[in-house]
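Values quoted throughout were computed directly from the atomic coordinates according to the rules given, and no laboratory measurement underlies them. These numbers were taken from a predicted model, which means no experiment stands behind them. Glycine also receives a Cβ, built like all others from the backbone with ideal geometry; neighbour counts cover every protein chain displayed.
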Amino acid sequence: MMVSSALQSGLAGMSVGMNGMSRSAAEIASSQQMNGTASRDVAEPLVEQTQSLRQAEASTKVVGAADEMLGTLIDVMA
């Protein structure tokens, strides 16, 4: 069913976004960033964290749309 596929895609996207935010936050807060020995500039994980946040937000909208579709289908069938 299309609704369950959209819901699964949205939930998977939310999971990927949250994992990305966690990874970026850990890198930003790492001792290597704090003492200046990190291999990457702190701007890179900050940008990645913003990208992950946007992915999670977009995926949340997908889940909302799937929920709305399911509600409409239930209303039509009733």
Worksheet item: Which whole-percent values make up P(r) of the chain when all C-alpha to C-alpha distances are grouped in 5 Å steps starting at zero?
Response: 3, 17, 18, 14, 12, 9, 8, 6, 5, 3, 2, 1, 0
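State the extension gain, in nm to one decimal, for the chain segment bounded by S39 and N19, taking 0.36 nm per residue of separation less the distance between their alpha-carbons.
Here the segment from S39 to N19 would lengthen by 5.1 nm.
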Worksheet item: Mind checking the dipole of the chain: about its Cα centre, +1 per Lys or Arg Cβ, -1 per Asp or Glu Cβ, Debye to the nearest 20?
Response: 140
Discussion item. Positive end of the dipole of the chain, charges at C-beta (+1 Lys, Arg; -1 Asp, Glu), about the Cα centre: which of Q49, T60, M2 has its Cα farthest in that direction?
Written reply: Q49
Practice prompt. Specify the angular offset, from 0 to 90 degrees and rounded to the nearest 10, of the alpha carbon long axis of helix 43-77 from the longest principal axis of the alpha carbons in the chain.
Written response: 10
Item to complete: Round to the nearest 0.05 the FRET efficiency obtained for V3 and R54 when R0 = 22 Å and r is the Cβ-Cβ distance.
Response: 0.40
Discussion item. Restricting to Cα pairs below 8 Å that are 6+ residues apart, what does the relative contact order work out to for the chain? Please round to a whole percent.
Written reply: 50
